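Contents: one structure, followed by commentary.
The values are calculated or read from the model by the stated rules, or taken from the named source; none is laboratory data. Small disclaimer: the values here were computed from a predicted structure and weren't measured. Neighbour counts run over all protein chains shown; Cβ positions are idealised from the backbone, glycine included. Just the protein is used for accessible areas: all its heavy atoms, side chains included, with ligands, DNA and RNA removed. Shrake-Rupley method; radii C 1.70, N 1.55, O 1.52, S 1.80 Å.
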Amino acid sequence: MRAQSSATTPSRIAVGSETRPTAAGTRATAANRRTGTLLAGLGVVAFSLTFPATAWGLEGFGPWSLVAVRSVLAALIAGTCLLVLRVPLPGRRHLAGLAVVAAGVVVGFPLLTTLALQTSTTAHAAVVVGLLPLTTALFSALRMGSRPSRTFWTAALAGAAAVVAFTVQQSGGALTTADLYLFGALLVCAAGYTEGGRLARVMPGWQVIGWALVLCLPLSVPAAALALSYEPVRLSAHSVAGLLWVAAGSQFLGLVVWYRGMAAIGIPKASQLQLAQPLLTLVWSVLLLGEHLTVAAPLTAAAVLVCIAVTQRARG
């Protein structure tokens, strides 16, 4: 058994009573971190389209219909993948964590942000995304015992402050009922991200969100039927495209790469990549919704990029 163990771990060598990584192991670790950063970044790009796509979806669907139907469609995609690949059912010890992911990422965040976007602009809604990295890091510290460095926290707070100041200024700085939805979405999403990142260490990230979506089917199917019977539907190119993106892109594919990235580089550092998400959302808002930006946008973008660079280099 010892001979087999040493043969299957060539990237590490024993020195006295310690085991130290070789150069090959160090290179592999660095490559894994780069891949994890890339995957988490792709997730951020997918998420940055969520608010504009939701605004499109609301042109043809009511808020409850949009959320319920997107959940059903995403669950069908995930369930098909799970069946085709014959993925076994998750263990009972993972069900509680999957329930947290489902409540926060599949139900809570989409519903609360969709309700907020009925009266809020996408720029104002981006406030919640600006605060999400810091909130996720806090949840991670409480749930998983991670202790990021002081430099990490300083850069994270600075980046969050820059994003919040920018987005609040863009929306006039007035707090509305929509803000209550947004702050609620912030809390439940951070909890879902943290639990999903933890589960992605013991199972593939796409299975985490896949099973969370499937677990919601007994709730989402009757909810979709009920909502569609009460809320009028006006199909258009925008509403259909928005629905398809929030279902396939934001709700499934984006979370697949996001959770894999978090598992590779850690929840706190992955969450800081989301500091760029509000600015990306504003760019999409200009291109897709015709909203206008001020000259403060490039200045905020530069500040956010500096903060991301610092948090990625800071040791946890």
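Structural remarks
- If you go through the stretch 155-203 and keep only what is of a type in the set (S, T, N, Q) and free of Cβ contacts under 8 Å to residues at least 60 places away in the same chain, you end up with 171, 176, 177.
Table: residues versus (1) touching a His at 6+ places or on another chain (Cβ under 7 Å); (2) among the aliphatic types (A, V, I, L, M); (3) open to solvent by 40 Å² or more (accessible area, probe 1.4 Å); (4) over 22 Å from residue 217 (Cα atoms).
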site	(1), (2), (3), (4)
48	no, no, no, yes
59	yes, no, yes, yes
70	no, no, no, no
77	no, yes, yes, no
85	no, yes, yes, no
97	no, no, no, no
100	no, yes, yes, no
105	no, yes, no, no
125	no, yes, no, yes
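- Odd one out for residue 162, checked against (1) modelled with pLDDT of 80 or more; (2) more than 25 Å from residue 256 (Cβ to Cβ); (3) not in a helix (DSSP H, G or I): (3)
- Some residue of the stretch 136-155 being in contact with a His (Cβ under 7 Å, 6 or more places away or on another chain) and among the hydroxyl-bearing types (Ser, Thr, Tyr): no
- So residue 180, is it open to solvent by 30 Å² or more (accessible area, probe 1.4 Å), part of a helix (DSSP H, G or I), of a type in the set (A, V, I, L, M, F, W, C) and over 25 Å from residue 77 (Cβ atoms): yes
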